[in-house]
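Read through the structure below, which is laid out as C-alpha cells, and then see the notes.
The values are calculated or read from the model by the stated rules, or taken from the named source; none is laboratory data. Because the structure is a prediction, the values reported are computed rather than measured. When we count neighbours, we look across all protein chains shown, and the Cβ atoms used for this are built from the backbone with ideal geometry, even at glycine.
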C-alpha cells in the first residue's frame, strides 16, 4: 500500500477531499519524524513504538569478491509493534 492509497482510503471514509487528507497525512508523518529526531522515541498506543538506536560498527564480507570490509556504525530507526497489532497479524493465515 502506498501513501496515495492510504490518503484515498481515509478521504473516502471521512468524506474529506484527497488534497486535504494528503496534507493531514503528510503532517502526521512529519511530526513522527521530528519527534524521532528530537526525542529518539515515539510511542503510539495500540500501534507500536518507533525508536532511534545505534547500530554498532562491524566487519562484513562482500558477497561478490569475498573481500572483508568495515561497515561503520550508524543511527537507525527500529519499530516494535504494539500488542493489538501483533495479535491481529498473528491471526493472519500463513
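Below is a table of values for the structure above.
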{"quantity": "Which listed residue is farther than 26 Å from residue 89 by Cα and touching a strand residue (DSSP E or B) at 6+ places or on another chain (Cβ under 6 Å), from 35, 17, 21", "calculated": "35"}
{"quantity": "Which numbered condition residue 66 fails, given (1) over 26 Å from residue 8 (Cβ atoms); (2) modelled with pLDDT of 95 or more; (3) loosely packed, with under 11 Cβ neighbours inside 10 Å", "calculated": "(2)"}
{"quantity": "Pairs with Cβ under 6 Å, 6+ apart, first in the stretch 72-94 and surrounded by 10 or more Cβ atoms within 10 Å (Cβ to Cβ), second outside any strand (DSSP E or B)", "calculated": "73/56; 73/57; 82/46; 82/47; 84/46"}
{"quantity": "Qualifying residues in the stretch 34-60 (those that are surrounded by 13 or more Cβ atoms within 10 Å (Cβ to Cβ) and part of a helix (DSSP H, G or I)) - the one nearest to the chain's Cα centre (by Cα)", "calculated": "36"}
{"quantity": "Residue 40 being touching a residue at least 12 places away in the same chain (Cβ under 8 Å) and either at positive phi or assigned by TED's automatic domain parsing to the domain that holds residue 75 (or both)", "calculated": "yes"}
{"quantity": "Odd one out for residue 85, checked against (1) in a helix (DSSP H, G or I); (2) at pLDDT 95 or above; (3) in contact with a strand residue (DSSP E or B) (Cβ under 7 Å, 6 or more places away or on another chain)", "calculated": "(2)"}
